[in-house]
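The values are calculated or read from the model by the stated rules, or taken from the named source; none is laboratory data. Remember, it's a predicted structure, so these values are computed and weren't measured experimentally. Note: ideal-geometry Cβ built from the backbone for every residue, glycine included; neighbour counts use all protein chains shown. When the accessible area is computed, the model is the full protein with side chains, heavy atoms only, and any ligands, DNA or RNA have been set aside. Shrake-Rupley method; radii C 1.70, N 1.55, O 1.52, S 1.80 Å.
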Amino acid sequence: MSVCGTEKSAYDKCMHSSGRNAGACSKFATELKRCGDSVGKDFCIAESEALMKCSKAPGSDACAKEFMLMRECNRPSGKHMQFSDGVFSVPSDKAGLFNGQKIGLVSVAAPPTRTTAAMQAAGNDIAVGLHIPGGKADVRF
């Protein structure tokens, strides 16, 4: 069985049978976290529970922070971004992974406003930056 397999299996089984009620599975979550801490593995329990809680009543950001934290926690090579004081930032040891000039990606200064025209314009800018002939006309959504 994999690292902490017994604990992970018990936690997953509890979450499934409880209808994803994290409170009902706190005993199993604690055991899994303890096992993970002992072997240096993060099972993203807090991030999973925060995302599940948010998804039941999402705010205007549609659980963006919770989704990002879950995604970062689940990266096989470890977190590439950190969250503190309400802001995501790139740690200095991961900065090379986010050099848009180096890998030829388009940088967006700010998210577009939530209108169809603004989203289409942003999509066109990205398509042109990625050298897609015809811009957004050649991208299907």
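Quick check: is even one residue across the stretch 26-35 within 25 Å of residue 114 (Cα to Cα) and either of a type in the set (Asp, Glu) or in contact with a Leu (Cβ under 6 Å, 6 or more places away or on another chain) (or both)? Can you show your working first?
Within the stretch 26-35, the first condition is being within 25 Å of residue 114 (Cα to Cα), and the residues that meet it are none.
Within the stretch 26-35, none of the residues are within 25 Å of residue 114 (Cα to Cα) and either of a type in the set (Asp, Glu) or in contact with a Leu (Cβ under 6 Å, 6 or more places away or on another chain) (or both).
Going through the stretch 34-61 one residue at a time, which ones are touching a helix residue (DSSP H, G or I) at 6+ places or on another chain (Cβ under 9 Å) and among the small types (Gly, Ala, Ser)?
36, 46, 48, 50, 55
Which condition number in (1) modelled with pLDDT under 80; (2) under 30 Å from residue 47 (Cα atoms); (3) in a helix (DSSP H, G or I) is the one that residue 102 fails?
It fails just one condition, (2).
Do any residues in the stretch 2-28 that are closer than 13 Å to residue 49 by Cα have Cβ atoms under 9 Å from those of residues that are in a loop (DSSP other than H, G, I, E, B) and among the small types (Gly, Ala, Ser), where the two are at least six apart or on different chains, and which pairs are they?
24/18; 25/18
Would you check if there is a residue in the stretch 28-51 being farther than 18 Å from residue 7 by Cβ and open to solvent by 90 Å² or more (accessible area, probe 1.4 Å)? Spell out the reasoning first.
Kept after step one, since they are farther than 18 Å from residue 7 by Cβ, are these residues of the stretch 28-51: 50-51.
Checking which are open to solvent by 90 Å² or more (accessible area, probe 1.4 Å) leaves us with none.
No: the stretch 28-51 contains no residue that is farther than 18 Å from residue 7 by Cβ and open to solvent by 90 Å² or more (accessible area, probe 1.4 Å).
If I ask for residues that are crowded, with 16+ Cβ neighbours inside 10 Å and closer than 20 Å to residue 89 by Cα, which ones from the stretch 52-64 would you list? Don't jump to the end; show me each part of the working.
Quick first cut of the stretch 52-64, residues crowded, with 16+ Cβ neighbours inside 10 Å only: 52, 54, 63.
63 - this is the single residue of the stretch 52-64 that is crowded, with 16+ Cβ neighbours inside 10 Å and closer than 20 Å to residue 89 by Cα.
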